[in-house]
1. Given the structure, is Gly47 among the small types (Gly, Ala, Ser) and modelled with pLDDT of 80 or more?
2. Hey, can you tell me all the residues within segment 58-88 that are under 19 Å from Ala41 (Cα atoms) and in a helix (DSSP H, G or I)?
3. Do the conditions hold for Ser4, that is, is it modelled with pLDDT of 95 or more, out of contact with any Ser or Thr (no Cβ under 6 Å at 6 or more places or on another chain) and exposed (fewer than 13 other Cβ atoms within 10 Å of the Cβ)?
4. Whether any residue in segment 68-80 is without any contact (Cβ under 8 Å) to a residue 24 or more places away in the chain, of a type in the set (Asp, Glu) and either more than 13 Å from Leu119 (Cβ to Cβ) or surrounded by 12 or more Cβ atoms within 10 Å (Cβ to Cβ) (or both) is what I want to check.
5. Tell me which of these Tyr39 doesn't satisfy, since it passes every other one: (1) over 22 Å from Leu119 (Cβ atoms); (2) of a type in the set (Ser, Thr, Tyr); (3) not in a helix (DSSP H, G or I).
6. Among the residues of segment 18-25, is there at least one that is modelled with pLDDT of 90 or more, farther than 16 Å from Thr80 by Cβ and surrounded by 12 or more Cβ atoms within 10 Å (Cβ to Cβ)?
7. Take Ala91 and tell me if it is assigned to a helix (DSSP H, G or I), of a type in the set (Gly, Ala, Ser), at pLDDT 95 or above and under 27 Å from Leu119 (Cβ atoms).
Amino acid sequence: MPVSRWGARPGQQRKDTLAQAIAGLTWMLPVATIVFVVYVAGALAGGILYDLPIWVLILPSVPSLLVTWIALIVALVDVTSRPATQLSESARLAWLIALAFLNVLAFLPYWLVVARRPLQLSQP
C-alpha cells in the first residue's frame, strides 16, 4: 500500500483527519444534554400548566433530536478513535454501551471524564 510523504497510509490519514474534526465538536455533548433537559422541562410545563395541544409539544422536539443525533455520532466516533493510552479497551466498551443505551444521559459524564482531554492521535 502506498505511503504518503508524512509516513502514514492514506486510510489512516483520513481516519486521523476525521477524528481531529470530530474532536473539535465534543462541545456538542453538554449542549445536547442541556437542549434535551430544556425541551423536556418546556414540554412538561407546556402540557401541565398551559394545556397545550400535543402537536405544539412535539414540534420543538425536532431541534432536540437533531442535536442529540449529531452529539451521539460525535461521541461514538470520539470513543472509538481514542488510543489505548487514553482509554483502555474495557473502558472503551463500557462507554460504548453507556452511550448506545443511555445516549443523552451519558453525554455529560462522558464529556466530563473523557472527552475534555485532548485527543492524541497516533504518530506515524
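The values are calculated or read from the model by the stated rules, or taken from the named source; none is laboratory data. As the structure is a computational prediction, the values presented were derived from the model and not from experiment. Glycine gets a Cβ as well: all are built from the backbone with ideal geometry, and neighbour counts include every protein chain shown.
1. Details: among the small types (Gly, Ala, Ser): yes; modelled with pLDDT of 80 or more: yes.
So Gly47 fits the description; yes.
2. Hits for segment 58-88 are Ile58, Ser61, Val62, Pro63, Ser64, Leu65, Leu66, Val67, Thr68.
3. no
4. no
5. Here Tyr39 meets the rest and fails (3).
6. Filtering segment 18-25 down to residues modelled with pLDDT of 90 or more leaves 25.
Now drop any that are not farther than 16 Å from Thr80 by Cβ, which leaves none.
Checking segment 18-25: not a single residue is modelled with pLDDT of 90 or more, farther than 16 Å from Thr80 by Cβ and surrounded by 12 or more Cβ atoms within 10 Å (Cβ to Cβ).
7. Details: assigned to a helix (DSSP H, G or I): yes; of a type in the set (Gly, Ala, Ser): yes; at pLDDT 95 or above: yes; under 27 Å from Leu119 (Cβ atoms): yes.
Yes: the conditions hold for Ala91.
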